[in-house]
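What follows is a set of notes on a single structure, which appears directly below.
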There are 2 protein chains.
Amino acid sequence: MLSKNQIKFVRSLSLKKNRQATRLFTAEGAKTVTDLLQTFRLRQLYHTASYAGPRPQDVSVMVSDDELQRISTLETAHEVVAVFEMPEEVEPVWHKGELVLALDGLQDAGNLGTIIRLADWFGISQVVCSQGTVDVYNAKVVQSTMGALARVRVAYAALPEWLHRLPKECPVYVTDLKGDDLYVQELRPDGVLVFGNEGNGVSDAVRQLATRRLLLPNYPQGRPTSESLNVAVATAVIVSEFRRRVR
Amino acid sequence: MLSKNQIKFVRSLSLKKNRQATRLFTAEGAKTVTDLLQTFRLRQLYHTASYAGPRPQDVSVMVSDDELQRISTLETAHEVVAVFEMPEEVEPVWHKGELVLALDGLQDAGNLGTIIRLADWFGISQVVCSQGTVDVYNAKVVQSTMGALARVRVAYAALPEWLHRLPKECPVYVTDLKGDDLYVQELRPDGVLVFGNEGNGVSDAVRQLATRRLLLPNYPQGRPTSESLNVAVATAVIVSEFRRRVR
């Protein structure tokens, strides 16, 4: 049985300011919660009778389907809502030979989640977000990572300053309509790939710090098209091409 | 000035049954509406004073920002809401040398829109959806195509039957964890690429009709990962690889 205050507290975590004040966030569904338990400290777990995943004794509470729905951010709640502690914020660090993603002002929660999920698939363990990027602990982002948030470190930084402090040997890639054709360039899995805001792309301050410009060609190449690609789709195509080259 | 009945009518098109009964659908925003005007017959156009796009005289009505918001499906309406006529339904046809996408039970509106958008980018002019796939005239799908719906034909069909009627020479590709490595297979831009439902993948009936099975390798290859890729991301990576091979 949940008290009104408990319901109010969990629901309050749908707002960023409350997540930041408490350093807590929520995740839902057996797969996501089980994955996140590997990485994040659990504060509280609310589950229905049908939930069969891990349920640490001292912090787990069985609730009714109705109660679960009242604390869920989903249209239809799925068996479990967990409250996790955010990890300490750490300064992101690039290591030689590592491929890192940087996101400059991404606004869409689904896009950020999808990018974290594909980073996990393609063995990228670090995503650096500009301060203006959507909050990774937003419930929609957490859900759309499908558990990959447990395996990919996400850090926020003042992006131009962070890029500026990188060693000179670290290539910084941006996409550019006048860039070098992705498919025929020499690509090594080393450096930072920057992707920008859904409407405006990469900011000028960040673009000036890029050392390599890549064109993702459409098909047939050069065909006039009035459109760009979704940012998560563009990220996937480019990361796939980096990975293909080193197999 | 909009009458209550006009507002009610436009809003009613957010439901599939009403779209199907009237064969009408809505689109919003200057970019999308302008693109769709190239392909679809316009029934009615509601715009604010700030809208600078095309506004055919006999069917355009200037409205206030408040009125536009009342007929919009967006959180913040953007200058224009248009009501278009759906085209006639036509049987999808594969032509030798053509690459076609088929979608088997896709449920997420954003995924379908993103796939239509990337089809446009990669020069795929036809997407065939199973009857159980989300409705392409759903407002969220239309918005996330970003205008590409004007350039990509989308047809619905009983997918197993349609695949069964294809000429024997037409390869039918599905993704499969035991399939052939995408990056090293011979690939020609010819045939049908099938992608499945977000949770369950391709149905058994469709899978049995596949003639080629492709593995999209993760990185490092064979690393255990508990996760799959978002379906639009997987579609993008595979289509990009088909297009790369024929440049």
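The values are calculated or read from the model by the stated rules, or taken from the named source; none is laboratory data. Because the structure is a prediction, the values reported are computed rather than measured. We place every Cβ from the backbone using ideal geometry, glycine too, and count neighbours over all the protein chains shown. Ligands, DNA and RNA are stripped out before the accessible areas are found, and what is left, the full protein with its side chains, is counted by its heavy atoms. Shrake-Rupley method; radii C 1.70, N 1.55, O 1.52, S 1.80 Å.
Data for the structure
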quantity	calculated
Proportion of all alpha-carbon pairs of the range A:45-183 beyond 25 Å (%)	40
Inter-copy label distances at B:GLN69 (7 Å, Cα→Cβ; nm, one decimal)	3.0
Estimated FRET transfer efficiency (B:HIS95, B:LEU74; beta-carbon r; R0 35 Å; 0.05)	0.40
Value of relative contact order over the range B:102-247, rounded to a whole percent, pairs C-alpha under 8 Å and six or more apart	28
Binned Cα-Cα distance frequencies in the range B:99-244 - 10 Å width, integer %	11, 45, 36, 8, 0
At R0 = 25 Å, FRET efficiency that the Cβ-Cβ distance of A:ASP65 and A:ASN5 yields, to 0.05	0.75
Which listed pairs, of A:LYS140/B:LYS31; B:LYS31/B:LYS140; A:LYS31/A:LYS140; A:LYS16/A:LYS140; B:LYS8/B:LYS140, have C-alpha distances above 21 Å, in listed order	A:LYS140/B:LYS31
The range B:188-231 shape via C-alpha gyration tensor axes, a/c threshold 1.5	oblate
Label spacing, shortest first and in nm, from A:ASP181 to its equivalents in the remaining copies (7 angstrom along Cα→Cβ)	2.5
Charge tally in the Cβ shell below 13 Å around B:TRP94, where Lys, Arg are +1 and Asp, Glu are -1, B:TRP94 excluded	0
By accessible area with a 1.4 Å probe, ligands and nucleic acids excluded, highest first: order of B:LEU177, B:LEU112, A:LEU15	B:LEU177, A:LEU15, B:LEU112
Solvent-accessible heavy-atom area per residue, rounded to whole Å², over the protein assembly as shown at 1.4 Å	46
Cβ-placed point charges (K, R +1; D, E -1), dipole of the protein assembly as shown about Cα centre in debye, nearest 20	120
Antiparallel DSSP beta bridges within chain A, percent to nearest 5	30
Fraction of the pair-distance distribution of chain B above 26 Å, Cα-Cα pairs, percent	43
Convex hull volume of the range B:4-85 per residue (C-alpha atoms, cubic angstrom)	90
Within the range A:160-204: Cβ-based charge dipole about Cα centre, in debye rounded to nearest 20 (Lys, Arg +1; Asp, Glu -1)	140
Area buried, chain A against chain B - accessible surface, total, 1.4 angstrom probe, square angstrom	3500
Cα-projected label distance for A:ASP58 with B:SER50, points at 7 Å along beta-carbon direction, nm	5.5
Beta bridges per DSSP with both ends in the protein assembly as shown, % antiparallel, nearest 5	30
Charge dipole (the protein assembly as shown, unit charges on Cβ, about Cα centre) - positive-most of B:VAL194, A:SER240, B:GLY110	A:SER240
The range A:163-203, Rg to Rh (Cα coordinates; Rh as Kirkwood inverse mean 1/r)	0.98
All aspartates and glutamates inside 17 Å of A:LYS168 as judged from Cα atoms, apart from same-chain residues fewer than 8 positions distant	A:GLU98, A:ASP190
Solvent-free Debye scattering, log10 I(q)/I(0), computed from the Cα coordinates of the range A:79-158 at q = 0.15, 0.23 Å⁻¹	-0.49, -1.15
In order through the range A:197-203: 3J(HN,Hα) via Karplus (6.51 cos²θ - 1.76 cosθ + 1.60), integer Hz, x for Gly, Pro	4, 4, x, 10, x, 7, 5
Rounded to whole Hz, the Karplus (6.51, -1.76, 1.60) HN-Hα couplings of the range B:204-215, x for glycine and proline	4, 4, 7, 4, 5, 8, 6, 10, 9, 10, 10, 9
Relative contact order [Cα under 8 Å, 6+ residues apart], chain A, whole percent	19
Cα centroid separation - the range B:1-29 against the range A:155-216, whole Å	43
Stretchable slack from B:ALA158 to B:GLN208, in nm (0.36 nm times residue separation minus alpha-carbon distance)	16.5 nm
Relative contact order (%) - criterion: Cα under 8 Å, at least six apart; region: the range B:114-156	60
CD proxy at 222 nm, helix term only [per DSSP H run n ≥ 4: -39500 (n - 2.57); per residue of the protein assembly as shown; nearest 500]	-8500 deg cm²/dmol
Euclidean distance between Cα centres, the range B:74-144 to the range A:49-128, Å	29
Choice from B:GLY199, B:GLY222, B:GLY123 showing the highest fluctuation, given a GNM over chain B with Cα pairs closer than 10 Å	B:GLY222
Nearest-20 debye value, chain A charge dipole, Cβ charges on Lys, Arg, Asp, Glu	200
Residues whose placed amide H lies under 5 Å from that of B:GLY196, excluding near-sequence neighbours	B:ASP104, B:VAL202
Derived scalar couplings ³J(HN,Hα) [the range A:20-28; Karplus, 6.51 cos²θ - 1.76 cosθ + 1.60; whole Hz; x for Gly, Pro]	5, 5, 9, 6, 10, 8, 10, 9, 9
Rounded if a/c under 1.5, otherwise prolate or oblate - the protein assembly as shown, Cα gyration tensor axes	rounded
Share of carbon and sulfur in the accessible heavy-atom surface of chain B [1.4 Å probe, %]	50
